[in-house]
Amino acid sequence: SQAWPGPPPQPEILAPTPPRETWASKYEFLLSCLGYCVGLGNVWRFPYLCYRNGGGIFLIPYFIMLLVTGLPLFLMELSLGQYGAAGPITVWKCCPLLKGVGVAMLIVSSLVSLYYNVIMAWALYYLGSSFQSPLPWSCDAPWNAEICKVVAVMVTWWGCVLQNASGSTGWVSASEVFWNEQVLGVTHSSGLEDPGPVQWPLALCLLAAWILVFLCMLKGIRSSGKVAYFTATFPYLVILILIIRGATLEGSLNGIRFYLSSDWSGLQSAQVWSDAASQIFYSLGIGFGGLLSMASYNKFDNNVIRDTLVVAIGNCCTSFFAGFAIFSVLGHMAWRKQVPVGSVAASGPGLAFVAYPEALSLLPGSPFWSILFFLMLLTLGVDTLFGNIEGITTAILDEFPALRDWRRKTAFLGVLCISFYLLGLLLVTQGGIFWFTLIDTYSTGFGLIIVALFMCLGIAFCYGMNQFCQDIVDMICRCPPWCSHVLGYFKVCWAFFTPCLLLFTLIYTFLDLYGIPLRYGTYEYPAWGTSLGVCIGVLTCLQIPLWAAMALCRESGTLSDRFQKATQPLHSWRTATARDVAGDIIDVPFTITLTSSD
């Protein structure tokens, strides 16, 4: 044998890759998931959909969609993340052909995070303005006194006509003037092409919101999990207080009757079922990657079925009871104005920043109620944003494990928050609300539904439904008898009912988007603006075929052979961080390289 030239090679043992974190307790995970799911849509969208679609009758399609679409997809995403112990991109080692689904989730989470924190900036602005008496959006405010007397054109917000105290549609309410003039400055912009200068008070609030997110997520789930004890429970306290206070107000029963009025003919409308499906889909946070990321930090033997039932049902019950807090106060405002409740009801920003603040300004001690309400909005939004940012950071850190080092992770999180802040400045210009509406409409539209559809079909028919159910049973070591029956039900949903309902929702979304032109108030978006929005949605969808094509190109053989190989789990699936059934890390991989001196 030939002697080795020079000294023998010395093995260079690199530092082990920093291990993944785990939740300090199952309660932190449950609260974080609940806080992530219970967001602004539970307060400002569900009550509006409920009264628009037949009142209490809307609960029938709502809970049917929960059982057939919400629970199955929620369990699928939690189980996939917990079993794979990986983020939205890396977890698709179970089926490399569908890696594009994880990349699409990353894009959706990024787009949502970009505009969602702008809502937090609005809430911070209103929260700061609430420490005044009278409230600056009331007609008692000095700067508003004359403006409230000016006759203006009828303004329509999100399908709701705002009126003055006399019920005349020719007057603009004080809260609307404050929202348009003081907060947005939208009256100085003509549309998308004319964003105008930055509203610097809002820019400072946006900066404060991103600093808050950065500090709360500085230590990953260890810090955000502790914060969730407050942010996930405080909204329930406020909702309870508002329900009790609302019940004592004159006219509140009219608001509750309006909220729960029953119209059985609504069940015959496809719009009602589509609204129920979309509300379940978006309120549970399915397809964003946040649930998958948070579940990836669970212990291996955590009971995902129990968590699914607790979080999903708790989220839906929150939506229902929040409606009592909203409509009892709106009923009082309608009674004070001597107008129908329907004329003061609204959805989205029109409810949170125009109609409801105006209602609060009519209450005795209005600053106190206003502070409570906007603190609730802030905590609701921050929790949801935590989940989105967690999805982004987990996806990147799992792909580049070296970034898990605390210093590098801090630097990465800082760069991420600064980037989102700079990009978000467009949304706090005088015409920023037009861009906000555009991104909001198309970033979570058809693209998100397609992501969830391919996730469901990929797990059911590529990875294998029986194998996936066995993975769930493996995680739940002592599986109760009822779990087997529940899994049998979910198998039927994953194979047939859930994909069919997602397809129905997708078709209706296309009809809704392209049948009705996008508007904000009286402003109709130009063709190039709508095209830009469609491109945002298409960008998300393109990731799935693009990464699938790359996976096929990496394999060899015929197209059929390549497809079969690309749908098989990689050897590294569930081996990078091998764990025993107790969830303890038993092996941490490290790299050994050989070097030789000259």
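The values are calculated or read from the model by the stated rules, or taken from the named source; none is laboratory data. Since we're looking at a predicted model, the values are computed, not measured. Glycine also receives a Cβ, built like all others from the backbone with ideal geometry; neighbour counts cover every protein chain displayed. With ligands, DNA and RNA removed, areas are computed over all heavy atoms of the protein, side chains included. Shrake-Rupley method; radii C 1.70, N 1.55, O 1.52, S 1.80 Å.
One table, with the values for the structure above:
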read-out: Extension gain (nm, one decimal) between residue 247 and residue 466, 0.36 nm per residue minus Cα-Cα; value: 73.8 nm
read-out: Relative contact order of the chain, defined on C-alpha pairs under 8 angstrom at six or more residues apart (%); value: 34
read-out: Accessible area in square angstrom per residue, the chain, 1.4 angstrom probe; value: 40
read-out: Lys/Arg +1, Asp/Glu -1 at C-beta; the chain dipole; positive extreme among 266, 108, 318; value: 318
read-out: Kirkwood Rh in Å, taken over the range 251-394 so that all alpha-carbon pairs contribute; value: 17.8
read-out: Distribution of pairwise C-alpha distances over the range 175-214, 5 Å bins, in %; value: 6, 22, 21, 21, 17, 9, 4
read-out: Apportionment of accessible area to carbon and sulfur, the chain, percent (1.4 Å); value: 68
read-out: Residue-averaged 222 nm ellipticity for the chain, from DSSP H runs of 4+ at -39500 (n - 2.57), nearest 500; value: -18500 deg cm²/dmol
read-out: Point-charge dipole on Cβ atoms (K/R +1, D/E -1) for the chain, about Cα centre, debye to 20; value: 620
read-out: Computed E for residue 572/residue 211 - FRET, C-beta separation, R0 22 angstrom, nearest 0.05; value: 0.05
read-out: Cβ-derived FRET efficiency at R0 30 Å, residue 528 paired with residue 563, nearest 0.05; value: 0.15
read-out: For the range 245-340, size of Cβ-based charge dipole, Lys and Arg +1, Asp and Glu -1, in debye; value: 300
read-out: log10 of Debye I(q)/I(0), alpha-carbon scatterers only, for the chain at 0.09 Å⁻¹; value: -0.72
read-out: Charge dipole (the chain, unit charges on Cβ, about Cα centre) - positive-most of 366, 448, 252; value: 252
read-out: By accessible area with a 1.4 Å probe, ligands and nucleic acids excluded, highest first: order of 541, 50; value: 541, 50
read-out: Segments 435-443, 240-248 sorted - mean Cβ within 10 Å per residue, highest first; value: 435-443, 240-248
read-out: Helix axis angle, 200-216 relative to the chain longest principal axis, alpha carbon, degrees; value: 40
read-out: Pairs of lysines in the chain (C-alpha under 16 Å apart; 8 or more residues apart or interchain); value: 6
read-out: Computed over the range 268-391: relative contact order in percent, which uses C-alpha pairs under 8 Å that are six or more apart; value: 36
read-out: Relative contact order (%) - the range 389-546, alpha-carbon pairs under 8 angstrom, separation at least six; value: 32
read-out: Gained length - residue 511 relative to residue 264, 0.36 nm times residue gap less alpha-carbon distance; value: 86.5 nm
read-out: Estimated dipole of the range 381-438 in Debye, rounded to 20 [Cβ of Lys and Arg +1, of Asp and Glu -1, Cα centre]; value: 200
read-out: Cα-based convex hull volume of the range 412-502 per residue, rounded to whole Å³; value: 165
read-out: For the range 161-306, Kirkwood radius (reciprocal of mean inverse C-alpha pair distance, Å); value: 21.2
read-out: Rg and Dmax of the range 185-256, Cα atoms only, in Å; value: 19.7, 48
read-out: Value in Å of the Kirkwood radius, where the range 427-555 supplies the Cα pairs that are averaged; value: 17.7
read-out: Inter-label distance for residue 474 and residue 491, nm, one decimal - labels placed 7 Å from Cα along Cα-to-Cβ; value: 1.7
read-out: Built amide H within the under 5 Å cut-off of residue 429, gap 5+; value: 199
read-out: Against the rule of thumb 2.2 N^0.38 Å, how large the Cα Rg of the range 23-149 comes out; value: 1.53
read-out: Solvent exposure ordering (accessible area, 1.4 Å, most first) of 69, 558; value: 558, 69
